[in-house]
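Student: Here it is, the structure in full.
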Amino acid sequence: MGLVAREVEAAGIPTLSMTSALDITRAVNPPRAAFLDYPLGHTTGKPHEPALQRAIMLEALDAFTSLREPGQVKHLPFRWDEDERWKHGMAGTDTRTERFDTPQYQCEEDRLKAAALEPGDCPVCGLEDL
Amino acid sequence: MEPVDYIARLKRTYAKLGYPAYQWVHSETPPPWAPVRKPLSESRLGLIASGGIYAAGQVAFHFKDDTGIRAIPRDVPTAELRTAHFAYDQTDARSDPNVVFPIDTLRNLVAEGVIGELASHAYTFMGGIYSARRVREDVAPALRQRLQDERVDIALLVPV
């Protein structure tokens, strides 16, 4: 996503990249970033906690104006839990799914709905006409 | 506790499993910079997310360097949002998409007047693309063009 940030920013649009992988973000070095120290898969908060999600987003959006130098990262003031046990373990096992080369639907109903698309329909927007 | 060092961790994991080392993108040049020109409350915001989000009725992402993007209407019912990604635990994202695609969060901030408005669509892709060249040459320019067409003032990028 850092490459996307650089492309968009170079076109004159200010970007803010949220991240929960600080070292990966530092390596690709986007213009502005907001780091949330949560497990992967929770870049913008915890599930079903809208008040927390709102607080995280407000702290993140503040970085649009508080960061003044290219490449700076704002550390957001939230922790997943007290002991941060989620940071341990994980190494040595490959938890990724096989990289199938056909569309991977979350449920069968989605596959059937998408199968109803006509050949001329836009793959970007699906049924929606842009 | 210090942030997780994912690059070092994955390097150890791959070595242990006998996989070739993954080539992370290291930028050699400083990032570009576009100054913010409007207050947030007057800005049109574009959302881009790479967690493999699609809406029911759209074709889902595949996992083999899928460079496609999806346009999600800003008024999409949250219950119609899905994820398709091979490299993160999607359990929470499928239960509440706002953890990787903060659409309700942003809609509420627009209703509160904190953000001016959202672009007509958010744009999504499946970020597990191993070819940095294809991201640079295909995905990034396509997303940049969409944001330009949408005339957004600022862009919020949410990777996983």
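Student: Can you pull out the residues in the stretch B:5-38 that are in contact (Cβ under 8 Å) with a residue 24 or more places away in the chain and closer than 30 Å to B:Leu106 by Cβ?
Tutor: Across the stretch B:5-38, the qualifying residues are B:Val25, B:Val36, B:Arg37, B:Lys38.
Student: B:Asp138 is checked against (1) in a helix (DSSP H, G or I); (2) in contact with a helix residue (DSSP H, G or I) (Cβ under 9 Å, 6 or more places away or on another chain) and fails just one. What number does that condition carry?
Tutor: Looking at each condition in turn, B:Asp138 falls short on (2).
Student: Restricting attention to the stretch B:3-18, and to residues there that are touching a helix residue (DSSP H, G or I) at 6+ places or on another chain (Cβ under 8 Å) and part of a loop (DSSP other than H, G, I, E, B), which single residue is most open to solvent (accessible area, probe 1.4 Å)?
Tutor: The initial filter retains those residues of the stretch B:3-18 that are touching a helix residue (DSSP H, G or I) at 6+ places or on another chain (Cβ under 8 Å), namely B:3-8.
Still in the list and also part of a loop (DSSP other than H, G, I, E, B): B:3-5.
On the way: B:Pro3: 43, B:Val4: 15, B:Asp5: 84 Å².
Ranking the qualifying residues of the stretch B:3-18, first place goes to B:Asp5.
Student: While we're on this one: Residue under question is B:Glu137, and the condition is that it be charged (D, E, K, R), open to solvent by less than 40 Å² (accessible area, probe 1.4 Å) and more than 9 Å from chain A (Cβ to nearest Cβ); does it hold?
Tutor: On the way: charged (D, E, K, R): yes; open to solvent by less than 40 Å² (accessible area, probe 1.4 Å): no; more than 9 Å from chain A (Cβ to nearest Cβ): yes.
No: the conditions fail for B:Glu137.
Student: Just the residues that are at the interface with chain A (Cβ under 9 Å from one of its Cβ atoms) and charged (D, E, K, R), please, taken from the stretch B:60-84.
Tutor: B:Lys64, B:Asp65, B:Asp66, B:Arg70, B:Arg82
Student: When the stretch B:32-66 is examined, which residues are found to be over 20 Å from A:Gly41 (Cα atoms) and assigned to a loop (DSSP other than H, G, I, E, B)?
Tutor: Step one: list which residues in the stretch B:32-66 are over 20 Å from A:Gly41 (Cα atoms), which gives B:32-46, B:56-59.
Hits for the stretch B:32-66 are B:Pro32, B:Trp33, B:Ala34, B:Pro35, B:Val36, B:Arg37, B:Lys38, B:Pro39, B:Ser43, B:Gly57, B:Val59.
Student: Which of the strands (runs of 3 or more DSSP E) found entirely inside the stretch A:14-114 contain at least 2 residues meeting this: surrounded by fewer than 22 Cβ atoms within 10 Å (Cβ to Cβ)?
Tutor: On the way: elements: A:15-19, A:32-37, A:72-79.
Those strands (runs of 3 or more DSSP E) span A:32-37, A:72-79.
The values are calculated or read from the model by the stated rules, or taken from the named source; none is laboratory data. Just so it is clear, the structure is predicted and the values come from calculations on it, not from any experiment. A quick note on method: Cβ atoms are made from the backbone with ideal geometry, for glycine too, and the neighbour counts reach across all protein chains shown. These area figures cover heavy atoms from the full protein model, side chains too; ligands, DNA and RNA do not enter into them. Shrake-Rupley method; radii C 1.70, N 1.55, O 1.52, S 1.80 Å.
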